[in-house]
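Remarks on the structure that follows.
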Amino acid sequence: MPFPSQSLLFALNFFLHPSMLGSLVPSSRFVIHDVMAQVDWDRARVVVEYGPGVGTITRAALERLHPDATLVAIEMNCDFVQLLEDEIRDPRVRVVHGSALNVRKVLAELHLPSADYIISGIPFTNMPASARRNIVRESRAALQAEGAMVVYQFTRTVLPYLESQFTSVRQNFQLWNILPTHTFYCTP
Ligand SMILES: C[S@@+](CC[C@H](N)C(=O)[O-])C[C@H]1O[C@@H](n2cnc3c(N)ncnc32)[C@H](O)[C@@H]1O
């Protein structure tokens, strides 16, 4: 459960940048649970998160992340980057101000290998189709052969783009969220 100040910052930023955020409130604990359950935390050494926001998923991931693993959180909104840098003091985390589109460049600059998992909470629905296609393609290219991408979304708009890049896309649906949320588990 985020602190009231985090929820307030999130809501304020929704009114300033509605399509970048795509949601008025952070994900519910039910969505967090669904997303966390898709990851093999014993195996994962490089985990990338797109759109951490105020860190709702980030904090849950850190509770499970292996001591030798790295979590790269890529966020476009500078208020959230500042908050994450101020509040999450964990040597396993790298907060990067930028776009998910540059995931491969980000990993290379951090001298990290391809990702074991990408967890994506960015609002694909609100993007132009070209951005959606390019981010999904770059994500596929940034994953290990045994890796997986976990995408949670209010709509299924991104599904054909995922299906065009990944061999398998498993779907789940969580009613207990504002708004109800689809989860897609994608493997190369
Ligand atoms: C719906 S919020 C999700 C926040 C948080 N992960 C959660 O589940 O509560 C979407 C987040 O994605 C960020 N975002 C949108 N487009 C992005 C992009 N291309 N790259 C990185 N972050 C992006 C927004 O700034 C926002 O923080």
Residues that are over 20 Å from Ala44 (Cα atoms) and of a type in the set (Gly, Ala, Ser), drawn from the stretch 135-188 = Ser164
message = Looking for something open to solvent by 70 Å² or more (accessible area, probe 1.4 Å), under 14 Å from the mean Cα position of the chain (by Cα) and aliphatic (A, V, I, L, M) - is there at least one such residue anywhere in the stretch 75-86?
response = yes
query = Can you name the condition, by its number, that Pro123 falls short on among (1) surrounded by fewer than 16 Cβ atoms within 10 Å (Cβ to Cβ); (2) under 17 Å from the mean Cα position of the chain (by Cα); (3) in contact (Cβ under 8 Å) with a residue 60 or more places away in the chain?
reply = (1)
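Conditions (1) touching a Phe, Trp or Tyr at 6+ places or on another chain (Cβ under 9 Å); (2) more than 19 Å from Cys186 (Cα to Cα), marked per residue:
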| residue | (1), (2) |
| --- | --- |
| Asn13 | yes, yes |
| Pro18 | no, yes |
| Ile74 | yes, yes |
| Asp116 | no, no |
note = Only one of (1) without any contact (Cβ under 8 Å) to a residue 24 or more places away in the chain; (2) in contact with a helix residue (DSSP H, G or I) (Cβ under 8 Å, 6 or more places away or on another chain); (3) not small (Gly, Ala, Ser) does not apply to Pro4, and that is (2)
request  = Test Arg92 against the stated conditions and say whether it is farther than 23 Å from Gly55 by Cβ and either charged (D, E, K, R) or surrounded by fewer than 21 Cβ atoms within 10 Å (Cβ to Cβ) (or both).
outcome  = no
message = With the condition being under 28 Å from Pro18 (Cβ atoms) and of a type in the set (Phe, Trp, Tyr), I'd like the strands (runs of 3 or more DSSP E) fully within the stretch 81-188 carrying at least 2 qualifying residues.
response = 181-187
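The values are calculated or read from the model by the stated rules, or taken from the named source; none is laboratory data. Every value quoted in this text rests on a predicted model; they were computed, and no experiment measured them. Cβ: placed from backbone, ideal geometry, glycine included. Neighbour counts: every protein chain shown. These area figures cover heavy atoms from the full protein model, side chains too; ligands, DNA and RNA do not enter into them. Shrake-Rupley method; radii C 1.70, N 1.55, O 1.52, S 1.80 Å.
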